Amino acid sequence: MALIDVFSFHVNNPKEHKWLSNEIKYVAEKLIPKYLQGESFLLNTY
């Protein structure tokens, strides 16, 4: 939920769109699969 909150905060700023695009792709490819498998994903990443 925190990631969605961060993304929604930045979506209205066109200067952030490239960053958002890259970050959303990363979350979808790397973090969501770990979450769905019950693995730790956030504290090990940052």
statement: Checked pairs for the stretch 30-46, first more than 16 Å from residue 4 (Cβ to Cβ), second at pLDDT below 85 and part of a loop (DSSP other than H, G, I, E, B), C-beta under 6 Å and 6 or more apart or across chains, list as 34/41
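Determine whether residue 15 is without any contact (Cβ under 8 Å) to a residue 12 or more places away in the chain, exposed (fewer than 10 other Cβ atoms within 10 Å of the Cβ) and part of a helix (DSSP H, G or I).
Values: without any contact (Cβ under 8 Å) to a residue 12 or more places away in the chain: yes; exposed (fewer than 10 other Cβ atoms within 10 Å of the Cβ): yes; part of a helix (DSSP H, G or I): yes.
Here the answer is yes, as residue 15 does meet what is asked.
The values are calculated or read from the model by the stated rules, or taken from the named source; none is laboratory data. Keep in mind that this is a model prediction, so the values were computed, not measured. Virtual Cβ from ideal backbone geometry, glycine too; neighbours counted across all protein chains shown.
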